[in-house]
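Beneath this line is the structure, given in structure tokens, with notes to follow.
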Amino acid sequence: MDLHFDELLNKVTDFIKSEAKTDTIIGEPFQLGEFKCVPVIKVGMGFGSGGGEGVEGKGKKGEGAGAGAGIGIQPIGFLVTKGDEISFLEAGKTHGLAAAFEKVPDLIERIVSERNKHEEVVS
């Protein structure tokens, strides 16, 4: 069975070279008021192949092979500049402890507000 793995590997390598480049990972900059924004994207790729051959009980020989590749692109945030300042704004939702810590200021504000209301009623 001749699978031509060298040829297949060269095609996959060419594909990766054309897709996993700076323009794909860092998107086109755009202006938003005073801010210049550059999207940052995560690129993931996967590749798999396999083959086999065998003989049936009646002596018939069979063989087969296959290959596949996939690519996934996900925005992870934006580089934002204003004057000399540069910051990174993360895209998407936070999870776990990070999400809990983000809610702490709102929770404290709500507790203080309720306490002030209670003190006004008591006074």
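Of the residues K82, K60, the one with the largest accessible area comes first in the ranking K60, K82, computed with a 1.4 Å probe on protein heavy atoms. Near G27, the amide H atoms lying under 5 Å from its own belong to V40, I41; only residues 5 or more places off or on other chains count, and H is placed 1.01 Å from N.
How long is the gain from M45 to T81 if the chain were fully straight, where each residue apart is worth 0.36 nm and the alpha carbon distance is subtracted?
Numbers: separation 36, 0.36 × 36 = 12.96 nm, distance 3.00 nm.
Difference between extended and current length: 10.0 nm.
Could you calculate the contour length gain from H118 to A67, that is, 0.36 nm times the residue separation minus the distance between their Cα atoms, to one decimal place in nm? Mind dumping the intermediate values first?
Details: separation 51, 0.36 × 51 = 18.36 nm, distance 6.85 nm.
Stretched out fully, the H118 to A67 stretch lengthens by 11.5 nm.
The values are calculated or read from the model by the stated rules, or taken from the named source; none is laboratory data. Remember, it's a predicted structure, so these values are computed and weren't measured experimentally. For the accessible areas, the whole protein counts, side chains as well, though only heavy atoms, and no ligand, DNA or RNA atoms are used. Shrake-Rupley method; radii C 1.70, N 1.55, O 1.52, S 1.80 Å.
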